[in-house]
Structure formats: C-alpha cells, structure tokens
Amino acid sequence: MLVLLVLAVLFPSPFQARQAAAGPARDYQDPEAYIVYSTILPSDWIIRDSHAKHLVILRETRVYHMCLRPEPEFEQTVGPAIKDYTRINASAWLLQDKFDTALSHELVSNEQLKSTLGKGDWELFHAYYPDSKGFLEFSAVGFNEDKTIAVVSWVTVVDCYVAKGDFTCFRRRMASGYLLSGRDRVARGSVK
C-alpha cells in the first residue's frame, strides 16, 4: 500500500504570505489539483475539529517563503514534484469552484477577506460567514511528470493568533484519488 508522505511546517500570519509574481492571475484549471484539495478538506482541522458547516476558501493561491528540498532518499521520488511546485507557484492562480465536498463553500477574493479582516475584526468576519469558523488558503499543486506525486501547502486560519499550515507530499492511490494517511518526513522546509 502506498503511504502518504507529509512534512508539517509552521507558517506565519496569513497576511505575511508571499503573493506570487505580479501580473494578472489566471484561472487554475488542473483537475488533478482539485482532487488533491478535496482529499485535504475532510481531514483539515476546520472541518474535523471545529466542525465548520460552511467553508470559506481564499480564491487566490498563496505560497510561503520556504526553502524546500527532499531528503536524499526521496530525491528521485519527490524532487520533481517540489521543482514543479516551485515553478507553478511563481505565478498567481485563481482557484475555481471545483472542490468535491459535501459542505457548502465559497471562494472569496483577497480584497473580500481584507474587508472583513483587515483590522483583525473576527466578529465582522463571523457575521459575514457565520458557519465557517475561519478560512483556508491553498498553494497551487506541484506534480511529478506522471502525476503520481503531488506537493501542496495550505493554511487554516481561525483567528489572528491561530493558524495551522502544512506542506504535504501525496502519493496517487490508483484512479480513486490521493492517499491521506500516515506521516513520514520526506523533505526539509524552512519559512523565510
């Protein structure tokens, strides 16, 4: 059985994330990426522990200043996906409503998010999104050539002081999706 390869990385405040290179963001259409995102959602803290009934997802992809390199024994397996992750996240992308989840959800722009949270006003945020508990940010997904390895980072934010982020490597599990279980160190990451 294939094992999920995970590295958890502590992330700074969501407003300190590096926006991708300047220029107009393009629609992110990769169907495999949405399978990866949809694999993450049921296990995310905001659903699993906080029991959100409505998901608020930042429309623009985010990436954090990280220096990622695979552990030597995983270079051939994970290295190409990390390289693609770095390449694809050099540009801004606009997520589409292609998440496979039973929960109601909406994509919000960075401007919409700042209008409710620009001054850390969580009461205003919860008035707009009462069943959300917080919001999620995703990077674009990097893949190896045959798309059997996926690399993604995401952050769950529940208030100005509580955020959880992961950098994760997934291994494709046949045609049904990406495996999400187990944790093994496959790469080193440091936030800059």
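The values are calculated or read from the model by the stated rules, or taken from the named source; none is laboratory data. Please read these numbers as outputs of a predicted model, since none were measured by experiment. Because the Cβ atoms are built from the backbone with ideal geometry, glycine has one as well, and the counts that use them run over all protein chains shown.
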Looking at (1) touching a Gly at 6+ places or on another chain (Cβ under 8 Å); (2) farther than 19 Å from G165 by Cβ; (3) modelled with pLDDT under 90, can you tell me which one F74 breaks?
(1)
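Taking only segment 74-88 into account, find how many residues are of a type in the set (S, T, Y) and free of Cβ contacts under 8 Å to residues at least 60 places away in the same chain.
Taking segment 74-88 first, the residues of a type in the set (S, T, Y) are 77, 85-86.
So of that shortlist, the ones also free of Cβ contacts under 8 Å to residues at least 60 places away in the same chain come out as 86.
Total meeting the criteria: 1.
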When residues of segment 110-125 are limited to those that are at negative phi, part of a loop (DSSP other than H, G, I, E, B) and of a type outside the set (K, R), the one modelled with the lowest pLDDT
G118
Does at least one position in segment 91-105 carry a residue that is acidic (D, E) and over 22 Å from S43 (Cβ atoms)?
no
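Could you tell me how many of the residues in segment 86-122 are basic (K, R), loosely packed, with under 14 Cβ neighbours inside 10 Å and under 22 Å from G142 (Cβ atoms)? It would help to see each step written out before you state the result.
Filtering segment 86-122 for residues basic (K, R) gives 87, 98, 114, 119.
If we keep only those that are loosely packed, with under 14 Cβ neighbours inside 10 Å too, we end up with 87, 114, 119.
Next, only the ones that are under 22 Å from G142 (Cβ atoms) stay: 87.
Going through segment 86-122 one residue at a time, the tally reaches 1.
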Does segment 157-171 hold any residues that are touching a helix residue (DSSP H, G or I) at 6+ places or on another chain (Cβ under 7 Å) and either under 20 Å from Q76 (Cβ atoms) or crowded, with 24+ Cβ neighbours inside 10 Å (or both), and which are they?
V157, C169, F170
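Conditions (1) within 13 Å of the chain's Cα centre (by Cα); (2) at positive phi; (3) modelled with pLDDT of 90 or more, marked per residue:
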| residue | (1), (2), (3) |
| --- | --- |
| F138 | yes, no, yes |
| E145 | no, no, yes |
| I149 | no, no, yes |
| K164 | yes, no, no |
| S176 | no, no, no |
| G182 | no, yes, no |
Being out of contact with any Lys or Arg (no Cβ under 7 Å at 6 or more places or on another chain) and either more than 20 Å from L136 (Cβ to Cβ) or surrounded by fewer than 18 Cβ atoms within 10 Å (Cβ to Cβ) (or both) is the filter here, so list the residues in segment 47-67 that pass it.
R48, D49, H51, K53, H54
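Go through segment 25-73 and give me each residue that's free of Cβ contacts under 8 Å to residues at least 12 places away in the same chain and over 16 Å from V158 (Cβ atoms). Steps first, answer last, please.
Here is the first cut: in segment 25-73, the ones free of Cβ contacts under 8 Å to residues at least 12 places away in the same chain are 48-49, 72-73.
Scanning segment 25-73 gives P72, E73.
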